[in-house]
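Asker: Here's a structure for you.
The values are calculated or read from the model by the stated rules, or taken from the named source; none is laboratory data. Small disclaimer: the values here were computed from a predicted structure and weren't measured. Ligands, DNA and RNA are stripped out before the accessible areas are found, and what is left, the full protein with its side chains, is counted by its heavy atoms. Shrake-Rupley method; radii C 1.70, N 1.55, O 1.52, S 1.80 Å.
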Amino acid sequence: MKTRRVYDGVKWIIYYVGIDDFINDLQGIGEFLDKVSSEGKVVAIVPNVGLTKTSIFLGTSFQGIKGLAIIIEKGS
């Protein structure tokens, strides 16, 4: 699972977490949320839905979660 901080402002932090296999990555997502919760309150998790590796086999009508934006309010 690839993670990166894409924004670090005065009041907000936004991370992007790339996902290869949603079910198998759930533990890693939980561990990441535990880690970043020390920076503030997680106020939103926004899915990035679109074509995934599985779309190659199931066709372009199949879409899944490619990643998550995790939005944190600092100091909460």
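Asker: Just reorder Lys2, Lys11 by solvent-accessible area, largest first, 1.4 Å probe, all chains present.
Answerer: Solvent-accessible surface, decreasing: Lys2, Lys11.
Asker: Can you list residues whose amide H is under 5 Å from Trp12's amide H, if they're 5+ apart or on another chain and H is modeled 1.01 Å from N?
Answerer: Lys74
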